[in-house]
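Here's the structure we're looking at; comments come further down.
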Amino acid sequence: MDGYGAAGADESDVIELKKALRTANQTLNAILEHSPDLICALGEAGRISLISSSCNGILGYAPDELMGRDLLELVHADDRRQASAVFERATAHATVQKQELRLTHRDGTAVKMRWSAVQSPELNAIYAVGRDVTE
């Protein structure tokens, strides 16, 4: 055998992996575009590295306006100490469930959110989902 078959198998594996990655990216983009919940990823120092389009309806900001900002900047002033503690808990590789914190809408009104978050040490990120529970 001249090894050509093995090279062909490697190439088809790469093609399949690229196809799977493209499908995963399309799925993630669809979720971020259409979820009514606020979905975000926080990188170093709590900076927003990914955020769903729902931030426009919930907070009055387009996603590109929030990219790179510290999430704590959006937390209502009265909830910042609590938010810092939640962030520390999530950073310590813990899962945070049903934690209520208020964010501040662009117009200054408080938006009550119920959060769940998980830390991903492999990706050095915290992934969070917030549901608007303002009454």
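The values are calculated or read from the model by the stated rules, or taken from the named source; none is laboratory data. Since the model is a prediction, treat every value here as computed from it, not as a measurement. Note that each Cβ is placed from the backbone with ideal geometry, even for glycine, and that neighbours are counted across all protein chains shown. Side chains included, ligands, DNA and RNA excluded: accessible areas come from the protein's heavy atoms. Shrake-Rupley method; radii C 1.70, N 1.55, O 1.52, S 1.80 Å.
For segment 59-72, indicate whether the set of residues that are at pLDDT below 90, open to solvent by 40 Å² or more (accessible area, probe 1.4 Å) and more than 11 Å from the chain's Cα centre (by Cα) is non-empty.
no
Residues of segment 30-54 that are touching a helix residue (DSSP H, G or I) at 6+ places or on another chain (Cβ under 6 Å) and part of a helix (DSSP H, G or I): GLY46 alone. Exactly one residue out of LEU28, LEU32, LEU21, LEU17 is under 15 Å from VAL129 (Cα atoms), open to solvent by 60 Å² or more (accessible area, probe 1.4 Å) and not basic (Lys, Arg), and it is LEU28.
Mind listing just one residue for me: the one in segment 96-119 that is in a strand (DSSP E or B) and among the small types (Gly, Ala, Ser) and, of those, surrounded by the fewest Cβ atoms within 10 Å (Cβ to Cβ)?
ALA110
Scanning segment 73-95 for residues that are in a strand (DSSP E or B) and crowded, with 18+ Cβ neighbours inside 10 Å gives a single hit, VAL75.
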